[in-house]
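What follows is a set of notes on a single structure, which appears directly below.
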Amino acid sequence: MNPVRTRTALVTGANRGIGLETCRQLDRAGLNVVLAARDLARGTAAAKALGGSRIRAEELDVTSARSVESCAQRLAAAGTEVDILVNNAGIYPTAGFFSLDEETLRNAFDVHLMGAFHLCRAFVPAMARRGFGRVVNVSSGGGALTDNVPSPAAYGISKAALNALTLVVAAAVPDTVKVNAVCPGWVRTDMGGRAAPTSVEDGADTVAWLARLPDDGPTGGFFRDRRRIGW
């Protein structure tokens, strides 16, 4: 009888903030973790600081399809199968709509939407073939259409698009692959600032929870504090 393989999670934008804490929590849960960062030196330093023996750093620029494909090829060559994908890489442009330039809007879409698109295309088909997968798209209440107008403009619109992608990917795969979005809240990170009310540990909690859903767990949902919220 073959031994049960330890699951592997790939977390993008993981050298700091929510991504880094997600890596910490998944490592503590006994998973293998690929800590992906645009700057390999920073990613390597972050992985070393976590100290987990199952954590490895990978260079990955989510805005580049070539970078995503290169990362996928390196992992495949190393015999690493990605079972869990956490699309966490993010930016936070704050300009209002009439102050927003096209480059800023495109950059937000490149990171939040196209980044998740590239990663899902690279890794989700193999999850479906193996009959197991978890995809967690780190979104925001700022992209929710039912609670407010998505805001700030570039951030909210691109996060709303990420939510739409979540539903599309969830509908494209069998239920053995769980695809969900999460709003971690306003978190005390470099992006969220020191005034944010939510600790990074609490902000990453629902992300890590969705990454470890059981077979009967939900799919195609949007969650905050482990509870489903409106889109």
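Every number here is computed from the coordinates shown, using simple stated rules; none is lab data. No experiment lies behind these values; they were computed from the predicted model shown. Neighbour counts run over all protein chains shown; Cβ positions are idealised from the backbone, glycine included.
Which percent, nearest 5, of DSSP beta bridges in the chain are antiparallel?
Percentage antiparallel, nearest 5: 5.
Under unit Cβ charges (Lys, Arg +1; Asp, Glu -1), what dipole magnitude, rounded to 20 debye, does segment 8-226 have relative to its Cα centre?
Charge dipole, segment 8-226, about its Cα centre: 420 debye, nearest 20.
Only sites in a loop by DSSP and with at most 13 other Cβ atoms within 10 Å count here; which trypsin sites (Lys or Arg not before Pro) in segment 1-94 make the cut?
Arg5
Using a 10 angstrom cutoff on alpha carbons, build the Gaussian network for the chain and name the most mobile of Val62, Val149, Val207.
So, out of Val62, Val149, Val207, the one fluctuating most is Val149.
Quickly estimate the mean residue ellipticity at 222 nm for the chain, helices only: each DSSP H run with n ≥ 4 gives -39500 (n - 2.57), and the total goes over all residues, rounded to 500. Before the final figure, lay out the partial values.
Details: 7 runs with 92 residues, N = 231.
Result for the chain, helices only: -12500 deg cm²/dmol.
How large is the Kirkwood hydrodynamic radius of segment 120-171, counting all unique pairs of alpha carbons, in Å?
After inverting the mean inverse Cα-Cα distance, the result is 12.0 Å.
At 10 °C and a viscosity of 1.306 mPa s, what translational diffusion coefficient does Stokes-Einstein give for segment 1-122, taking Rh as the Kirkwood radius over Cα pairs? Give it in µm²/s as a whole number.
For these conditions, the coefficient is 106 µm²/s.
Working only with C-alpha atoms, what are the Rg and Dmax values of segment 71-194, expressed in angstrom?
When restricted to Cα atoms, segment 71-194 yields Rg and Dmax of 15.5, 49 Å.
Give the separation of the Cα centroids, segment 162-210 to segment 42-106, in Å.
The two parts, judged by their Cα centres, are 15 Å apart.
Binning at 10 Å from 0, report for the chain what percent of all alpha-carbon pair distances ends up in each bin.
8, 35, 39, 15, 2, 0, 0
Please check: in the Gaussian network model of the chain (C-alpha springs, under 10 Å), which one of Leu113, Leu35, Leu105 has the largest mean-square fluctuation.
Top of the fluctuation ranking is Leu105.
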